[in-house]
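K.L.:
Before we start, here is the structure in question, set down as structure tokens.
The values are calculated or read from the model by the stated rules, or taken from the named source; none is laboratory data. Nothing here was measured: the structure is a model prediction, and the numbers come from that model. Cβ placement follows ideal geometry from the backbone for every residue including glycine, while neighbour counts extend to all protein chains displayed.
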Amino acid sequence: MTREEIAHAYHNQSLVVNPVEIPQLESHLDIITKSIDKKAATCRHFRSEDISNNLPVELRHEIFKLLPAGSILALKAASLAMHSTTLPPNLWKRTLRSEIPWLWEMHDIDSFQSQELEDNTSKLLLDIQKKSQYTSENDDYIFGLANRRRVWGVCKQIRSRYFEKLRGISNTDS
């Protein structure tokens, strides 16, 4: 077998892996779930050099609305002022559903308990994004996760086509 054939066979393994039960994903998520509710050592006084201290809450909310999930967590981990700013209602769940709907395990995890947890979750999201995609440069992906993401994408395409057909049928019946 050539190197290309081996790479193709390796990629095809992800197509037959269970997209729901993913042990490698569970071990990644364990890092986060085990640190939930632990008291993390965080400095409770605001540092004067944190520029976020000068921003009104409304502007902080607007910044959060523009960021992807991993960046929201990274910003909250890096700035105590941003960490102490409560996200607008439903922003977090809406962001997760928009960016990573196929990673439903993350949707119920409260990642905002400490800056340490926010930092760990941010790194986890970046790692999972990378490991859920097959690319020629990335041979470190998780088969089940890549398959789940692929299946989710196909289902979204089928769903939109189905609704288009359904609308077409209802328009001809009128």
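K.L.:
Please enumerate the residues belonging to the range 118-149 that are charged (D, E, K, R) and either within 14 Å of GLU26 (Cβ to Cβ) or under 14 Å from the mean Cα position of the chain (by Cα) (or both).
P.N.:
Listed by number, the residues that qualify are GLU118, ASP119, LYS123, ASP127, LYS130, LYS131, ARG148, ARG149.
K.L.:
Mind counting the residues in the range 100-117 that are more than 17 Å from the chain's Cα centre (by Cα) and not in a helix (DSSP H, G or I)?
P.N.:
Number of matching residues: 2.
Residue-wise test of (1) within 30 Å of ILE51 (Cβ to Cβ); (2) not polar (S, T, N, Q).
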position	(1), (2)
ALA74	yes, yes
THR85	yes, no
PRO101	no, yes
SER114	yes, no
ASP127	yes, yes
THR135	no, no
LYS156	no, yes
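K.L.:
Kindly establish whether ARG97 is touching a residue at least 12 places away in the same chain (Cβ under 8 Å), among the basic types (Lys, Arg) and either surrounded by 13 or more Cβ atoms within 10 Å (Cβ to Cβ) or part of a helix (DSSP H, G or I) (or both).
P.N.:
Criteria not met by ARG97.
K.L.:
Tally up the residues in the range 115-174 that are surrounded by 10 or more Cβ atoms within 10 Å (Cβ to Cβ), of a type in the set (Ser, Thr, Tyr) and in contact (Cβ under 8 Å) with a residue 12 or more places away in the chain, please.
P.N.:
Result for the range 115-174: 5.
K.L.:
Continuing with the same structure: Taking the range 63-94, which residues are part of a helix (DSSP H, G or I) and loosely packed, with under 12 Cβ neighbours inside 10 Å?
P.N.:
The initial filter retains those residues of the range 63-94 that are part of a helix (DSSP H, G or I), namely 63-66, 69-78, 80-83, 91-94.
The answer is LEU66, and nothing else.
K.L.:
Kindly provide the set of residues from the range 11-50 that are among the hydroxyl-bearing types (Ser, Thr, Tyr), modelled with pLDDT of 55 or more and part of a loop (DSSP other than H, G, I, E, B), ordered by number.
P.N.:
Within the range 11-50, SER48 is the sole residue that qualifies.
K.L.:
Name the one entry in LYS65, LYS76 that is at pLDDT 90 or above, more than 25 Å from ASP30 (Cα to Cα) and among the charged types (D, E, K, R).
P.N.:
Criteria check complete, one pass: LYS65.
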